[in-house]
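Below is one structure, written out as structure tokens; the observations come after it.
The values are calculated or read from the model by the stated rules, or taken from the named source; none is laboratory data. Predicted model, so just to flag it, every value in this text is computed and none were measured. Glycine gets a Cβ as well: all are built from the backbone with ideal geometry, and neighbour counts include every protein chain shown. The accessibility values were calculated without ligands, DNA or RNA, using every heavy atom of the protein model including side chains. Shrake-Rupley method; radii C 1.70, N 1.55, O 1.52, S 1.80 Å.
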Amino acid sequence: MTKAFLLGLGLLGAAPAFAQSPAARPDSAALLPYRESARKINALVHTKLDVRFDYAKRYLYGREWVTLQPVAYATDSLRLDAKGMDIKSVTMVNGNDAKTLRFDYNQEQMLVHLDKLYPPASSTPCILSTRPSPMS
């Protein structure tokens, strides 16, 4: 009788220990695959827009001032999402000095080739000018 009593007391005392460790859920972060975020090359510091609309022709005329800053590594180029835009020119402004920059554009992304290698924490102000493009 005492053996049965001690066995029951031992099982009753061990029950809370099993209750403390729940089984891992299928949506647990430990079981999900790691999804790396996109690598951040430049940080957007400031942006300014100057746009005009021609509603009769359904055109948008505009310029955009963008100031970017390299995050961790020096960079000599900028990659911008510019889907469906009609880019006329890209200019870098440094005080009163303005330089026209080369760029490659594939109707999805624009790769701007800067004039030199810019270290982290240095600002790169650019002006993007767009031709008239139909508003969608």
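Please verify whether residue 114 is assigned to a strand (DSSP E or B), at pLDDT below 80 and open to solvent by less than 60 Å² (accessible area, probe 1.4 Å), treating the condition exactly as stated.
Spelling it out, it is not the case that residue 114 is assigned to a strand (DSSP E or B), at pLDDT below 80 and open to solvent by less than 60 Å² (accessible area, probe 1.4 Å).
Return the only residue of 75, 47 being under 19 Å from residue 116 (Cβ atoms) and not acidic (Asp, Glu).
After applying the criteria, what remains is 75.
Please tell me if residue 78 is exposed (fewer than 11 other Cβ atoms within 10 Å of the Cβ) and not aromatic (Phe, Trp, Tyr).
No, not satisfied.
Of the residues that make up segment 12-23, is at least one at pLDDT 70 or above and either surrounded by 10 or more Cβ atoms within 10 Å (Cβ to Cβ) or of a type in the set (S, T, N, Q) (or both)?
no
If I filter segment 43-75 down to residues being acidic (Asp, Glu) and exposed (fewer than 12 other Cβ atoms within 10 Å of the Cβ), which single residue comes out as nearest to residue 89 (Cα to Cα)?
Among those that are acidic (Asp, Glu) and exposed (fewer than 12 other Cβ atoms within 10 Å of the Cβ), it is 50.
Take residue 29 and tell me if it is of a type outside the set (Phe, Trp, Tyr), open to solvent by 70 Å² or more (accessible area, probe 1.4 Å) and either modelled with pLDDT of 85 or more or in a loop (DSSP other than H, G, I, E, B) (or both).
yes
Based on what the data block shows, is residue 34 in contact with a Pro (Cβ under 7 Å, 6 or more places away or on another chain) and open to solvent by 60 Å² or more (accessible area, probe 1.4 Å)?
Taking the combined requirement at face value, the residue does not satisfy it.
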